[in-house]
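Down below is the structure, laid out as structure tokens.
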Amino acid sequence: MGDLRLGPLLRYADGSSATVWVETGRPCAAEVRCADGAGGSTRTFQVCGHHYALIEVTGLTPGTATPYEVLLDGTRVWPLPDSPFPPSVIRAPDGADGEVRVAFGSCRWAAPAAGEQDPVGPDALDTLATRIAADPDGERPDVLLLLGDQVYADEVSDATRRWLAGRRDLAEPPGAEVADYEEYTHLYYESWLDPQVRWLLSTVPSCMIFDDHDVVDDWNTSAAWLADMRATGWWRERLLSGLMSYWVHQHLGNLAPAELAADPVYAAVRDAADGTDALRAFAAEADVRPHSVRWSYRRDFGRVRLLMVDSRAARVLDEERRSMLDPGEAAWLRAQTLEDRGSYDHLLIGTSLPWLLPHLIHDVEGWNAALCRGERGGRWARLGEKVRRAADLEHWAAFPSSFEALADLIAEAGTGPEAPATVCVLSGDVHHAYVAEPSWPGGAPDAHVVQLTCSPVHNSVPLSIRLGFRFGWSAPARALGRVFARHGRLARPSVRWRRDGGPWFGNQLMTLTLRGRTARLRLEKAGAADGGGRPSLRTVTEAKLS
């Protein structure tokens with residue numbers, strides 16, 4: 001493997017430029033050379049003894065796909081010797097046919113090593129990689145959206161547990177969970193050195209956003225939860241390390257080259273002989289003043305606009321002002337949604353947590369928020385906080401004003417002569433997949449609006465989840481939900497919604513194919529081995545959305 005420790009990951013890509021992320025074993029010059037003469041190089045930067053580079057590739061020709069190689073100090077380190085995979089390529093879209101394929105999902109435990117039994121079944125990303133490798137010129141996503149829980153800091157594998165035990169006493173908090181930056185890097189090695197996933201991420205551009213398990217389960221559930229975490233002796237290091245490692249491994253690659261060039265934190269880390277202190281100061285500021293940092297971002301793919309929304313770190317947790325997004329973040333989302341509406345045909349809002357849930361769960365989360373706010377008095381508020389944590393009641397429905405604000409924004413964006421053909425809210429988190437369609441009693445938007453939820457990519461789906469979510473969509477569950485809503489003195493939501501498909505369970509991916517003002521959805525599940533002895537993706541459902 002030489003000095004290439006992790007990567008390459010193809011992150012940003014447009015018609016003329018791209019970024020490629022790598023981790024190296026030492027300080028060096030990292031270079032990407034493309035077969036058509038395009039390329040780029042940069043020096044590595046250092047964080048906590050690790051060396052990274054995000055290489056900007058320029059000179060790409062729109063409408064082409066060019067193989068590339070990675071060199072460190074002039075020595076080729078990618079493709080790997082004797083690689084069984086086709087060459088990694090950078091595809092530069094030209095927008096001529098206007099077609100964009102967007103694959104998405106969330107919640108991925110690292111797959112076990114080759115030859116070991118997989119207790120949760122085939123990995124959907126592994127099977128996608130296998131399919132693309134078998135037909136490199138066939139259909140593939142133009143971008144892969146990973147909507148949270150890319151690593152699990154609080155649910156480690158047996159192998160990682162043994163590795164942690166070799167570093168420290170697991171009887172001391174946080175026990176068999178990651179504690180610092182070095183342990184986070186181990187999670188990324190375990191996940192991204194999977195041969196299939198490594199190759200997939202080297203040849204399909206990716207966009208990512210965190211969810212709770214990237215830091216800890218139920219991250220930022222409530223002000224009381226956060227106070228309890230800050231009272232522990234291990235939380236601060238965990239949070240700072242989680243934000244630092246996310247910035248390095250995931251966030252940087254989400255940004256376009258122009259955004260990177262204007263980013264003062266990126267400049268400070270790169271300019272320092274050791275960027276650890278600069279990045280740690282940034283993470284500490286993000287902890288104390290979450291509104292000072294924006295993890296959300298926008299990407300445009302021809303006439304498709306993607307707004308990836310931070311629905312974890314940007315929360316306002318005060319019970320009287322409880323909001324999924326702080327005022328600055330909400331203003332950013334509104335501005336990015338409404339800016340030059342006629343320039344896009346499809347609006348994708350990526351948020352790790354579903355906006356529309358089964359009706360019973362929606363009402364229970366709203367009821368719980370009302371109790372915690374004191375609607376039924378102090379004793380009910382204390383009970384509500386216990387229930388909130390035990391049952392993970394912290395989706396958009398648990399932030400009622402934010403739920404309504406998103407509904408209003410979607411209706412505004414989807415109405416009028418400049419309305420897009422579709423507005424799709426893309427989410428994961430809940431370990432199953434479904435399609436839900438809202439309606440507005442006062443008149444529907446002109447755009448077709450849908451909630452598309454897809455998870456897990458590779459994780460367990462307990463029987464309790466299967467039964468709970470099947471029941472949650474039923475008519476008796478809806479009636480039960482109204483009982484909770486009345487007890488919490490909740491107003492009816494401004495939108496109604498119905499389930500159009502699902503629930504589907506298993507390791508799975510959704511793909512949107514967007515062309516002109518048409519949109520098609522396909523859900524695929526990673527299934528048992530085919531005739532060639534390899535697991536494969538099986539189409540579960542297909543639907544036209546516009």
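Data overview
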item: Filtered residue count, segment 58-73, keeping only those that are over 19 Å from Gly253 (Cβ atoms) and not in a strand (DSSP E or B); result: 5
item: Verdict on Ala369 being crowded, with 23+ Cβ neighbours inside 10 Å, small (Gly, Ala, Ser), modelled with pLDDT of 95 or more and touching a helix residue (DSSP H, G or I) at 6+ places or on another chain (Cβ under 7 Å); result: yes
item: Unmet requirement for His359, which otherwise passes all of (1) more than 17 Å from Gly468 (Cβ to Cβ); (2) crowded, with 24+ Cβ neighbours inside 10 Å; result: (1)
item: Residue that is polar (S, T, N, Q), open to solvent by 40 Å² or more (accessible area, probe 1.4 Å) and under 17 Å from Trp355 (Cα atoms), where the choices are Ser494, Ser464; result: Ser494
item: Boolean, Gly302 is of a type in the set (Gly, Ala, Ser) and within 19 Å of Ile349 (Cβ to Cβ); result: yes
item: Residues (in contact (Cβ under 8 Å) with a residue 60 or more places away in the chain, out of contact with any helix residue (DSSP H, G or I) (no Cβ under 8 Å at 6 or more places or on another chain), aliphatic (A, V, I, L, M) and in a loop (DSSP other than H, G, I, E, B)) located in segment 487-546; result: Leu545
item: Filtered residues of segment 201-216 (kept if assigned to a loop (DSSP other than H, G, I, E, B) and either open to solvent by less than 10 Å² (accessible area, probe 1.4 Å) or without any contact (Cβ under 8 Å) to a residue 40 or more places away in the chain (or both)); result: Val204, Ile209, Phe210, Asp211, Val215
item: Residue check, Ser455 more than 13 Å from Trp504 (Cα to Cα), among the hydroxyl-bearing types (Ser, Thr, Tyr), within 22 Å of the chain's Cα centre (by Cα) and in a loop (DSSP other than H, G, I, E, B); result: no
item: Flag if Leu80 is of a type outside the set (Ser, Thr, Tyr), touching a residue at least 40 places away in the same chain (Cβ under 8 Å), open to solvent by less than 20 Å² (accessible area, probe 1.4 Å) and outside any strand (DSSP E or B); result: no
item: Residues of segment 238-268 satisfying the condition of being touching a residue at least 24 places away in the same chain (Cβ under 8 Å) and surrounded by fewer than 15 Cβ atoms within 10 Å (Cβ to Cβ); result: Glu259
item: Matching entry among Ala397, Ala390 (being assigned to a helix (DSSP H, G or I), free of Cβ contacts under 8 Å to residues at least 60 places away in the same chain and open to solvent by 30 Å² or more (accessible area, probe 1.4 Å)); result: Ala390
item: Ala433 being touching a Phe, Trp or Tyr at 6+ places or on another chain (Cβ under 6 Å), in contact (Cβ under 8 Å) with a residue 60 or more places away in the chain and at negative phi; result: yes
item: Some residue of segment 42-57 being over 27 Å from the mean Cα position of the chain (by Cα), free of Cβ contacts under 8 Å to residues at least 24 places away in the same chain and in a loop (DSSP other than H, G, I, E, B); result: no
item: Unique match (being more than 30 Å from Leu514 (Cα to Cα) and without any contact (Cβ under 8 Å) to a residue 24 or more places away in the chain) among Gly374, Gly384; result: Gly384
item: Extreme residue, most open to solvent (accessible area, probe 1.4 Å), among residues of segment 162-184 that are outside any loop (DSSP other than H, G, I, E, B) and out of contact with any helix residue (DSSP H, G or I) (no Cβ under 7 Å at 6 or more places or on another chain); result: Arg162
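Condition check ((1) touching a Gly at 6+ places or on another chain (Cβ under 7 Å); (2) surrounded by 19 or more Cβ atoms within 10 Å (Cβ to Cβ)) across all residues:
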{"position": "Val304", "(1), (2)": "no, yes"}
{"position": "Gly328", "(1), (2)": "no, no"}
{"position": "Tyr344", "(1), (2)": "no, yes"}
{"position": "Thr351", "(1), (2)": "no, yes"}
{"position": "Val364", "(1), (2)": "yes, yes"}
{"position": "Leu383", "(1), (2)": "no, no"}
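The values are calculated or read from the model by the stated rules, or taken from the named source; none is laboratory data. Being a predicted model, the structure only gives us computed values, none of them experimental. Ideal geometry is used to build each Cβ from the backbone, glycine not excepted, and the neighbour counts take in all protein chains shown. Quick note on the areas: whole protein, heavy atoms, side chains included, nothing else; ligands and nucleic acids left out. Shrake-Rupley method; radii C 1.70, N 1.55, O 1.52, S 1.80 Å.
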